[in-house]
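The values are calculated or read from the model by the stated rules, or taken from the named source; none is laboratory data. As the structure is a computational prediction, the values presented were derived from the model and not from experiment. Because the Cβ atoms are built from the backbone with ideal geometry, glycine has one as well, and the counts that use them run over all protein chains shown.
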Amino acid sequence: MNVKTGGLEGIVVGNTAISTVGKEGVGLTYRGYDIHDLASHAAFEEVAYLLIYGNLPTGAQLQAYRDKLVQLRRLPDAVKLLLETIPGTAHPMEVLRTSVSMIGALEAGHASTEQDIADRLIACTPGMLLYWYQFHRHTTRLDESEASENSVAGYFLELLHGKKPDDEHKRAVDVSLILYAEHELNASTFAARVTASTQADFYSAVVSAIGTLRGDLHGGANEEAMRLISQFKTPEQAEKGVRERLAAKTKIMGFGHRVYKISDPRSDIIKAWSEKLSRQAADGYLFEVSRRIEKILWDEKKLFPNLDFYSATAYHFCGIPTSLFTPIFVISRLSGWSAHILEQRINNRLIRPEAHYDGPAPRPFPPLADRR
Ligand code: COA
């Protein structure tokens, strides 16, 4: 056997009851619910509850869950000190990776269940990210307890902009959190499950996942998509620039997918939000630039946008700095990672595949003096 392509493409490695991705090339469900229904009718907190606890909450359960997340926002002083110590030049993904690890060191053994750890991390990551951001950008020490917004999306925007968020921006971010929440065995979730399979602690599994999400081929694609889109002022400029990149065989981030073969069901949902938000944005022309890039990629390569492509402009029109795009993905995907870590705990078996060896044949060990 000779494995030419790696990537575990098409390999089924286990069972899951959490989501289905791309059955027959399209479609996404979380615990049986279609992503379109969730994005139209649910709030992110309902979806996080669904993923972590297995069922949609009742009205009373949802209220209690929202209250719980608000209570769990508090940042320990030691974490604030750490966030002040991490350089302002660090990438915000490094900030999340490091501060989640610190929370793990400080709070190991505090929570009574791993579901409580999941909730704690969803609740406190927006504050960790934005405490660091505001301290280094504006030398302001955020008081996370002063925020009035009780949703994760509203809390994030309130801490970022220092005021009550616009309702349309809040719902756009809320919908994006729903779309990013879960995606079966994507690379970061697989990394979390591999770590959990060694019986490592919950925080270690999450830190593995954050590190894995950071790359441009995974979560980092939304930031790279924005960097590309914002280079162009008109669709014509975009057409020229993208054709040149394709001719040079440069990948265009935010396009293509390992599992979806026809389209990414999340893309049209966030595209509609991007278009809506563009109407009141100063640089709303970036939406038309994006549409032209989409057309060229389809005409030239039959590649469709994935969730990351139109998320970029949707976030941008909400006034979110590009370097915070992938960290928002973390805040959302914590719900999916958590569901998978919890699922891995049931019937756990160490994940340990094998490799096809194509190195040197067995050979004698040479003494140091004989080596050239
Ligand atoms: N831009 C240009 N060409 C692309 C492309 C893109 N975004 N995505 C795939 N292709 C091309 C590759 O160059 C390759 O062409 P070739 O066969 O002529 O060499 C072919 O399509 C297959 O791509 P490959 O990278 O092998 O497919 P994959 O299944 O391993 O990759 C992704 C899936 C997502 C990693 C890939 O589409 C990609 O890199 N996309 C950009 C990053 C991104 O948006 N990631 C977020 C995913 S949700």
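Residues that are closer than 27 Å to Leu69 by Cα and in contact with a helix residue (DSSP H, G or I) (Cβ under 9 Å, 6 or more places away or on another chain), at least 2 per element: which helices (runs of 4 or more DSSP H) completely within the stretch 257-352 meet that? Explain how you work it out, then say what you get.
Details: elements: 267-278, 285-301, 307-317, 325-345.
Filter on the stretch 257-352 gives 267-278, 307-317, 325-345.
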*Note down all Cβ pairs under 6 Å where the first residue falls in the stretch 5-24 and is touching a residue at least 24 places away in the same chain (Cβ under 8 Å), the second is within 16 Å of the ligand (Cβ to nearest atom) and of a type in the set (Asp, Glu), and they're at least six residues apart or on different chains.*
Ser19/Glu182; Ser19/Glu184; Val21/Glu184
*Does Val206 fit the bill of being surrounded by 14 or more Cβ atoms within 10 Å (Cβ to Cβ) and away from the ligand (no atom under 13 Å from the Cβ)?*
yes
*What number of residues within the stretch 130-184 satisfy the criterion of being polar (S, T, N, Q), in contact with a helix residue (DSSP H, G or I) (Cβ under 6 Å, 6 or more places away or on another chain) and at pLDDT 95 or above?*
2
*Which of the residues spanning the stretch 91-125 are within 19 Å of Asp77 (Cα to Cα) and modelled with pLDDT under 95?*
Ala108, Gly109, His110, Ala111
_Return the residues of the stretch 205-227 that are closer than 23 Å to Ala118 by Cα and in a helix (DSSP H, G or I); say none if nothing qualifies._
Ala205, Val206, Val207, Ser208, Ala209, Ile210, Gly211, Thr212, Leu213
*Go through (1) touching a residue at least 24 places away in the same chain (Cβ under 8 Å); (2) away from the ligand (no atom under 13 Å from the Cβ); (3) under 23 Å from Gly27 (Cα atoms) one by one and return the number of the condition Ala272 breaks.*
(1)
*Any idea which residue in the stretch 4-34 is modelled with the lowest pLDDT, counting only those that are away from the ligand (no atom under 14 Å from the Cβ) and among the aliphatic types (A, V, I, L, M)?*
Val26
*Considering only residues that are aliphatic (A, V, I, L, M) and away from the ligand (no atom under 11 Å from the Cβ), look in the stretch 257-269 and name the one that is surrounded by the most Cβ atoms within 10 Å (Cβ to Cβ).*
Ile269
*Just checking, how many residues over the stretch 229-256 are crowded, with 16+ Cβ neighbours inside 10 Å and among the acidic types (Asp, Glu)?*
1
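Can you tell me how many residues within the stretch 86-131 are hydroxyl-bearing (Ser, Thr, Tyr) and either loosely packed, with under 13 Cβ neighbours inside 10 Å or within 25 Å of Leu62 (Cβ to Cβ) (or both)?
Of all residues in the stretch 86-131, those hydroxyl-bearing (Ser, Thr, Tyr) come to 89, 98-99, 101, 112-113, 125, 131.
After this cut, where a residue has to be either loosely packed, with under 13 Cβ neighbours inside 10 Å or within 25 Å of Leu62 (Cβ to Cβ) (or both) as well, the list is 89, 112-113, 125.
Within the stretch 86-131, residues that are hydroxyl-bearing (Ser, Thr, Tyr) and either loosely packed, with under 13 Cβ neighbours inside 10 Å or within 25 Å of Leu62 (Cβ to Cβ) (or both) number 4.
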*Output the residues belonging to the stretch 27-53 that are under 20 Å from Lys68 (Cβ atoms), over 18 Å from the mean Cα position of the chain (by Cα) and hydroxyl-bearing (Ser, Thr, Tyr).*
Tyr53
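Please pick out the residue among Leu51, Leu83, Leu72 that is hydrophobic (A, V, I, L, M, F, W, C), within 18 Å of Leu334 (Cα to Cα) and surrounded by 20 or more Cβ atoms within 10 Å (Cβ to Cβ). Before you say what the answer is, go through the steps one by one.
Values: Leu83 fails: within 18 Å of Leu334 (Cα to Cα); Leu72 fails: surrounded by 20 or more Cβ atoms within 10 Å (Cβ to Cβ).
Sole residue among the options that is hydrophobic (A, V, I, L, M, F, W, C), within 18 Å of Leu334 (Cα to Cα) and surrounded by 20 or more Cβ atoms within 10 Å (Cβ to Cβ): Leu51.
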*Might you let me know whether the stretch 161-175 holds any residue that is under 28 Å from Leu82 (Cα atoms), small (Gly, Ala, Ser) and touching a residue at least 40 places away in the same chain (Cβ under 8 Å)?*
no
*In the stretch 228-243, the residues that are of a type in the set (Lys, Arg), in contact with a helix residue (DSSP H, G or I) (Cβ under 9 Å, 6 or more places away or on another chain) and either within 13 Å of the ligand (Cβ to nearest atom) or part of a helix (DSSP H, G or I) (or both)*: Arg243
*Which condition number in (1) closer than 19 Å to Gln344 by Cα; (2) out of contact with any helix residue (DSSP H, G or I) (no Cβ under 9 Å at 6 or more places or on another chain); (3) part of a loop (DSSP other than H, G, I, E, B) is the one that Thr20 fails?*
(3)
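Among the residues of the stretch 245-256, count how many are within 9 Å of the ligand (Cβ to nearest atom) and either basic (Lys, Arg) or assigned to a loop (DSSP other than H, G, I, E, B) (or both). Walk me through how you get there before you give the answer.
Pass one, the stretch 245-256, residues within 9 Å of the ligand (Cβ to nearest atom): 245-246, 249-256.
Keeping just the survivors that are either basic (Lys, Arg) or assigned to a loop (DSSP other than H, G, I, E, B) (or both) gives 245, 249-254, 256.
Residues flagged as within 9 Å of the ligand (Cβ to nearest atom) and either basic (Lys, Arg) or assigned to a loop (DSSP other than H, G, I, E, B) (or both) within the stretch 245-256 amount to 8.
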*Within the stretch 286-304, work out how many residues are more than 15 Å from the ligand (Cβ to nearest atom), within 24 Å of the chain's Cα centre (by Cα) and of a type outside the set (A, V, I, L, M).*
2
